[in-house]
Amino acid sequence: MDLSPRELLFYADAIVAVMTAMMVVLHRNPVVCALSLVAHLCAVAMFFLLLDASFLFAVQIILYAGAIMVLFLFVIMLLDPAGEGVAGRTGNIQIVMTGVAAAALLFSAARVVPAIVDLESAGGGRPTSLPPGYGQVSGIGRLLFTDYLFPFEVASILLLVAMIGALYMGRLGKVGPAGDKEPE
Amino acid sequence: MIPAGGILVVSAVLFVTGVIGVMIRRSALVIFMSIELMLNAANLLFVGMARLLGTMDGQLFAFFVMTVAAAEAAVGLAIIIALFRRRRTTDVDQVNLLKW
């Protein structure tokens, strides 16, 4: 079958995204996991670009692959946890439960796929002409400050609470409400 | 045109990968990374369906999910650091005081 460049890019990107996700889950060394996650987040950013979400593409790279992953690597560097392996001490019950959960999730997803394909082929979805500013800063910003103003404000409170919480949990000296002193 | 079914399948596979990571890994850091994988799979589906329907609401939702993920990562990593200070480990199997 003929593939347009966009589709070709999509399938290549899908392979990269799934491979890097497997790396995150299966690799022994946490640093390799973190770097694979950076690659994975960049692959997902590529999906966003292919889906006409250029603003989310930029946010994904800057916020996720930049800020959050630096935080992760900082913590790994600070703690220096030893690699723990994957299969070594994982009990049988976990393997069985993982298999059941994975099968159930994939089964339910497989049930939805035909409905989505029908929706797509019925022409109800996927308009050929997108509204102006689709996925760009102008469109997102307009929506964010009109229809989604309240969630936007709630998000600011959430970030403030998270900041206070992180400072409280991360401070030196007393650890937690129990209040036993640390040696340093 | 990118097939919407393909987006759904990729998103489901990535989500299940994240679930597997949460269930079989014991390093709290890697469990956190697997949670980020799941959040990203959901984001991918949000953006894909937004494109299918030609509206931007899904993209806004993905944006809010990113905000929540940032907050979650900050608090979660602080908890892991506090845990490491006290217990000298990030192995979740050794932190089971509240387990039945």
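The table that follows gives values for the structure above.
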read-out: A:Asn92/B:Leu97 FRET efficiency (R0 25 Å; Cβ-Cβ; nearest 0.05); value: 0.55
read-out: Kirkwood-Stokes translational diffusion coefficient of segment B:17-100, alpha-carbon pairs, 37 °C, 0.692 mPa s, µm²/s; value: 228 µm²/s
read-out: Relative contact order for chain B, counting Cα pairs under 8 Å that sit 6 or more residues apart, in percent; value: 27 percent
read-out: Ranked A:Tyr134, A:Tyr168, criterion: other C-beta atoms within 10 Å, fewest first; value: A:Tyr168, A:Tyr134
read-out: Value at 222 nm in deg cm²/dmol, rounded to 500, when DSSP H runs of n ≥ 4 in chain B each add -39,500 (n - 2.57); value: -28000 deg cm²/dmol
read-out: Ascending count of other beta-carbon atoms within 10 Å, so fewest first, for A:Met69, B:Met33; value: A:Met69, B:Met33
read-out: Sorted by Cβ density within 10 Å, fewest first, the residues A:Arg142, B:Arg26, B:Arg88, B:Arg51; value: B:Arg88, A:Arg142, B:Arg26, B:Arg51
read-out: Inter-site label distance for A:Tyr168 and A:Ala103 at 7 Å from Cα along Cβ, in nm; value: 4.4 nm
read-out: Contour minus Cα-Cα distance for A:Val154 and A:Ser54 (0.36 nm per residue); value: 33.6 nm
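The numbers here are math on the coordinates, done by the rules we state, and not lab data. Everything numeric here is computed off the predicted structure, so don't read it as measured data. Cβ atoms come from the backbone with ideal geometry, glycine included; neighbour counts cover every protein chain shown.
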